[in-house]
1. For the stretch 121-144: of the residues being within 13 Å of the chain's Cα centre (by Cα) and modelled with pLDDT of 95 or more, which is nearest to ARG19 (Cα to Cα)?
2. Could you pull out the residue among ILE34, ILE60 that is among the aliphatic types (A, V, I, L, M), in contact with a helix residue (DSSP H, G or I) (Cβ under 9 Å, 6 or more places away or on another chain), buried (at least 19 other Cβ atoms within 10 Å of the Cβ) and under 20 Å from VAL108 (Cα atoms)?
3. In this structure, is GLY71 touching a helix residue (DSSP H, G or I) at 6+ places or on another chain (Cβ under 7 Å), touching a residue at least 12 places away in the same chain (Cβ under 8 Å), among the small types (Gly, Ala, Ser) and not in a helix (DSSP H, G or I)?
4. Check the stretch 16-26 and report whether any residue there is modelled with pLDDT of 95 or more and of a type in the set (Asp, Glu).
5. Of the conditions (1) closer than 19 Å to PHE9 by Cα; (2) modelled with pLDDT of 95 or more; (3) not in a loop (DSSP other than H, G, I, E, B), ALA80 fails just one. Which one is it?
6. Evaluate the stretch 93-106: report whether one residue or more is surrounded by 14 or more Cβ atoms within 10 Å (Cβ to Cβ) and in a strand (DSSP E or B).
7. Take VAL114 and decide whether it is crowded, with 24+ Cβ neighbours inside 10 Å and modelled with pLDDT of 95 or more.
8. With respect to ALA139, is the statement that it is assigned to a helix (DSSP H, G or I), farther than 18 Å from ALA6 by Cβ and touching a strand residue (DSSP E or B) at 6+ places or on another chain (Cβ under 8 Å) true?
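The values are calculated or read from the model by the stated rules, or taken from the named source; none is laboratory data. Keep in mind that what you see is a predicted model, and the values were worked out from it rather than measured. Counting neighbours? That spans all protein chains shown, and the Cβs are built from the backbone with ideal geometry, glycine included.
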Amino acid sequence: MIVADASVFNKLFLEEPDRALSVALFDTALRDGIALAAPDLIVHEALSVALHYGVPSHVIFDLLEPLADAGMRLIRPTRAIGERAFAIARGEGRPSLQDSTYHAVALVEGGTFVTADERHFRKTRHLGAIMLLRDWAAASDNDPFTRS
């Protein structure tokens, strides 16, 4: 399972240098039947970024709805996810609770958290279940994701 965070999802509607990697990640997951998930927090975060950059809100839903229809799970954080996110956010480097929630979903649900946020990666890579988007292309050749 791939748990993509907002820094990866937002590249689907923002013109950023590694946008093609984000598109490829979602396309590959959908094509190869790799489960996709994110905490439902992704909706709020993506809408906030869209508002900031003047992107119409419907663009977010136009991207999320087909992903959900294809099986992407938007997970409401459970107690286990919340407690794990809290522990991560209180840990070394004090990563944000939002970023820690995505990571907690991957840890609790048995997935791989894919992020473009290098600061969060540096602070939490020792916890495992995390990979940078830029490293995904090379790693995907070896199929590091659990298919389900």
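1. That would be LEU133.
2. Details: ILE60 fails: under 20 Å from VAL108 (Cα atoms).
Exactly one residue qualifies, and that residue is ILE34.
3. Numbers: touching a helix residue (DSSP H, G or I) at 6+ places or on another chain (Cβ under 7 Å): no; touching a residue at least 12 places away in the same chain (Cβ under 8 Å): yes; among the small types (Gly, Ala, Ser): yes; not in a helix (DSSP H, G or I): yes.
No, not satisfied.
4. no
5. Looking at each condition in turn, ALA80 falls short on (1).
6. Of the stretch 93-106, the ones surrounded by 14 or more Cβ atoms within 10 Å (Cβ to Cβ) are 95-106.
Then keep just the ones that are in a strand (DSSP E or B); that gives none.
Scanning the stretch 93-106 turns up no residue that is surrounded by 14 or more Cβ atoms within 10 Å (Cβ to Cβ) and in a strand (DSSP E or B).
7. Numbers: crowded, with 24+ Cβ neighbours inside 10 Å: yes; modelled with pLDDT of 95 or more: yes.
Judged against the criteria, VAL114 is a match.
8. Working: assigned to a helix (DSSP H, G or I): yes; farther than 18 Å from ALA6 by Cβ: yes; touching a strand residue (DSSP E or B) at 6+ places or on another chain (Cβ under 8 Å): yes.
In short, yes.
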